[in-house]
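See below for the structure under consideration.
The values are calculated or read from the model by the stated rules, or taken from the named source; none is laboratory data. Please read these numbers as outputs of a predicted model, since none were measured by experiment. Cβ: placed from backbone, ideal geometry, glycine included. Neighbour counts: every protein chain shown. Note: accessible area is taken over every heavy atom of the protein model, side chains too, but ligands, DNA and RNA are not part of it. Shrake-Rupley method; radii C 1.70, N 1.55, O 1.52, S 1.80 Å.
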Protein chains: 2
Amino acid sequence: MSPDTRRNIVFAAMDLFWLKGFNSTSIADILSRTQIHSGSLYHFFPGKQDVLIAVLETYRDGIGEMLLQPAWSGVSDPIGKIFALLNSYRTHLLTTDCTYGCPIGSLALELHEPDERVRLLMAENFANWVKAIEACLVEAGDRIPRDTDRHALAEFVLTAMEGGIMQARTHRDVAYFDRNVQCLRQYFDMLEERAKPARVH
Amino acid sequence: MSPDTRRNIVFAAMDLFWLKGFNSTSIADILSRTQIHSGSLYHFFPGKQDVLIAVLETYRDGIGEMLLQPAWSGVSDPIGKIFALLNSYRTHLLTTDCTYGCPIGSLALELHEPDERVRLLMAENFANWVKAIEACLVEAGDRIPRDTDRHALAEFVLTAMEGGIMQARTHRDVAYFDRNVQCLRQYFDMLEERAKPARVH
DNA sequence: CCATCATTTGAGCGATCAATCAACACGCTG
DNA sequence: CAGCGTGTTGATTGATCGCTCAAATGATGG
C-alpha cells in the first residue's frame, strides 16, 4: 500500500491546488482527502513545497494523455486541433460555472517568489503546451505564411487561452473566453488568407 | 493625522499585495510598513478583506492618473496609445527583473473563491481598462474594418497583455512578452490593411 | 475647563499553520 | 524467531495568522 500513498497524496493535492490554490490548501486539507496521516506525508515529501513539485511533474508528464489526447480525439486538422484544445478549456469553464481555470496559470500568478525548481517546472509546463501547439502549426505547413514565426504564434495561442480564462473567471461569464477565441480565429483566418496567394510571387 | 492613516494603510497594502499577493501578505506586514498599530487598522477596516476592497477601489479610481496618463504622455495616435500602454507594462517588467505583473490579474487568479464585492471590483477594473482601449479603437475610426467588434478587440488586447506578463514572469524573460506584442501588432496591421480598400466597395 | 467623540495603543486571544517525532505495525530475510 | 528496514500513527510543537478590547490620548466645541 506504500506506492499508492504517494500517488494518492499527489492527486489529492493536484485537485486541491486547482480548487483553492497552493497557499490556501493546508496539509490538513490533503490529509483529510486521503485518510493519510501527516507522518506518512512527511515520510514521502520533505515539505509542502515538494508536494507542489510532484504535482507539477505529474502535470508535465501527463500533458499528452490527460490533456491533448482527450481534446484531439476525432480531430485531425492541425489548426482544428488548436481550437479543439481551446474548446476543451471552454468546456472546463462551463462545467465549473466559470470559477476555475488553468492550474498552471493560476499557480504562476499566485506564487510571487517561487522556489527556482517550482518556477522552472511551471515554465516547463508552459513550454510543453506551446510545443504541442507549435507542432500543429508546423503540420499546417504553407496554410500559414512562410515568414510567420510558428513558435511565437504558439505562445500567442497560450496567451489567448490564459487571458480568456482569466477574464471569463473574473466576470463569471464564458462569453469573455468566447470573444477572445473569436479574435484569435480571425487572426488565423487572416494569416491563412495571406498564405494563399503564394503562387502569385 | 487620521485621514492619512487610512490612506497610508491602503497604499502600503497596495504595494504588498502587488509584491507578495493577498494571502501571503499579513496584517503585521502592513503594520510594520506604516508604523501603525493593529487597533488603528481595525478602526478603519472591519477586516483584511476590506483593505483589499479599498485597494481595488483605489486602482479603479486612479486608472487615469496612475496608469493611462503616464503611459500616453506625448502619444496622440489612438493605436499608438494602445501599444504605448503595453510598453509601459513592459517597462514595469524590466524594472522588476520580470518578477512582478499586473496587480489585478495576479489577484484575479490568486483568489479562487473571492467575496462577491472583491470579484466585482476586479471585474470593474478589467472593464475600465478595456473601456480605455475600446475608446482608442473607436477613435481610430475607419482605420479598422467597420465590422470589427471594438469591444471584443479591446478585451483581446487585455488578454495579450495579461498572457504576455504571465509568460514573461514564469520564464523570467521579457522576450515572451515582446513576442506576444509582436503578434498583436501583426494582427492590428492586418486589420488596418483590410480596412484600407473601403472605397473599393 | 470640561465633555464628548474620534483615534491610537499594544498586549493578548483563539485558531490554524507546516512540520516533528517517538512509538508502533508490517513484511522480508537470515 | 530475531533483526531490520519500510511505512504508519497521531499527539504535539512553536510560529504565525487575523482579530479584539480595555485603556490611553488627542482634538473639537460649548
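Just a few scattered comments:
- Any hit, the range A:12-20, residues being assigned to a helix (DSSP H, G or I), in contact with a Ser or Thr (Cβ under 6 Å, 6 or more places away or on another chain) and free of Cβ contacts under 8 Å to residues at least 24 places away in the same chain: yes
- Filtered residue count, the range B:170-193, keeping only those that are more than 7 Å from chain A (Cβ to nearest Cβ) and assigned to a helix (DSSP H, G or I): 12
- When the range A:13-70 is filtered for residues that are away from DNA strand C (no atom under 12 Å from the Cβ), more than 14 Å from every other protein chain (Cβ to nearest Cβ) and hydroxyl-bearing (S, T, Y), the ones remaining, listed by number, are A:T34, A:T58.
- Filter pass, A:V138 being closer than 21 Å to B:Q186 by Cβ and open to solvent by 30 Å² or more (accessible area, probe 1.4 Å): yes
- Residue list for the range B:72-86, filter: more than 12 Å from B:A132 (Cα to Cα) and either without any contact (Cβ under 8 Å) to a residue 24 or more places away in the chain or in contact with a Phe, Trp or Tyr (Cβ under 7 Å, 6 or more places away or on another chain) (or both): B:S73, B:G74, B:V75, B:S76, B:D77, B:G80, B:A84
- Among the residues listed as B:V138, B:V118, the single one being among the β-branched types (V, I, T) and under 30 Å from A:L111 (Cα atoms): B:V118
- The single condition from (1) in contact with an Asp or Glu (Cβ under 9 Å, 6 or more places away or on another chain); (2) more than 8 Å from chain B (Cβ to nearest Cβ); (3) open to solvent by 20 Å² or more (accessible area, probe 1.4 Å) that A:T99 fails is (2).
- Any hit, the range A:84-93, residues being outside the structural domain of A:R7 (by TED's automatic domain parsing), under 16 Å from the mean Cα position of the chain (by Cα) and among the β-branched types (V, I, T): yes
- Residues that are surrounded by 22 or more Cβ atoms within 10 Å (Cβ to Cβ) and farther than 27 Å from B:R194 by Cα within the range B:146-176 comprise B:I165, B:M166, B:Q167, B:A168, B:R169, B:T170, B:Y176, listed in sequence order.
- Count of residues meeting criterion [in contact (Cβ under 8 Å) with a residue 12 or more places away in the chain and facing chain A (nearest Cβ under 7 Å)] in the range B:135-155: 2
- Annotation: A:R6 fulfils all but one of (1) in contact (Cβ under 8 Å) with a residue 60 or more places away in the chain; (2) of a type in the set (K, R); (3) more than 17 Å from A:L121 (Cα to Cα); the unmet one is (1).
- Within the set A:S24, A:S40, A:S2, the sole residue that is modelled with pLDDT under 95 and either within 16 Å of DNA strand D (Cβ to nearest atom) or farther than 25 Å from B:P114 by Cα (or both) turns out to be A:S2.
- Any chance A:L56 is within 13 Å of DNA strand D (Cβ to nearest atom) and either surrounded by 13 or more Cβ atoms within 10 Å (Cβ to Cβ) or polar (S, T, N, Q) (or both): no
- Residues satisfying the stated conditions in the range B:102-126, i.e. more than 7 Å from chain A (Cβ to nearest Cβ), outside any helix (DSSP H, G or I) and surrounded by 18 or more Cβ atoms within 10 Å (Cβ to Cβ): B:C102, B:L111, B:P114
- Sole residue being closer than 18 Å to A:T91 by Cα, in contact with a helix residue (DSSP H, G or I) (Cβ under 6 Å, 6 or more places away or on another chain) and assigned to a helix (DSSP H, G or I), chosen from A:A152, A:A160: A:A160
- Screening A:S76 with (1) open to solvent by 30 Å² or more (accessible area, probe 1.4 Å); (2) modelled with pLDDT of 95 or more; (3) within 27 Å of A:L120 (Cα to Cα) gives one miss only, at (3).
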